[in-house]
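The values are calculated or read from the model by the stated rules, or taken from the named source; none is laboratory data. All of these numbers come straight from a predicted model, not from anything done at the bench. So basically every Cβ, Gly included, is an ideal-geometry build from the backbone, and we count neighbours across all protein chains shown.
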Amino acid sequence: MTEKTTMQELLKHFIDAWSSPSDTFNPAMVIEKVESMLPKERQNLIDAHEKGQQVEEQHTIPERRIKKSTQYVNEKYGI
């Protein structure tokens, strides 16, 4: 079984939370859920960047400075 992406988890959460027409949409709950998932999304981005850096390091000259993944994610996405 493959691990779900953060967006897939978020979609499943909202489908489960508002699966019938009588369910009331609550914007505050949406914001709370999204904010609670930001740390996981940040870690997913860091992990993906690190994997990409490993591949790049195999194909580039050693003297080239490569940013640390956490610095990259902070600069690129601000999370």
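So that you can scan it fast, the table gives a plain yes or no per residue for (1) within 19 Å of the chain's Cα centre (by Cα); (2) at pLDDT 85 or above:
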site	(1), (2)
E3	yes, no
K12	yes, yes
P21	no, no
P39	yes, yes
Q43	yes, yes
K51	yes, no
R65	no, no
Q71	yes, no
K76	yes, no
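Being outside any helix (DSSP H, G or I) and of a type outside the set (S, T, N, Q): is that true of F25 here?
Numbers: outside any helix (DSSP H, G or I): yes; of a type outside the set (S, T, N, Q): yes.
So F25 passes the test.
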Taking first residues from the range 43-56 that are closer than 18 Å to T6 by Cα and second residues anywhere that are surrounded by fewer than 14 Cβ atoms within 10 Å (Cβ to Cβ), the pairs with Cβ under 7 Å that are 6 or more apart or on different chains are L45/Y77
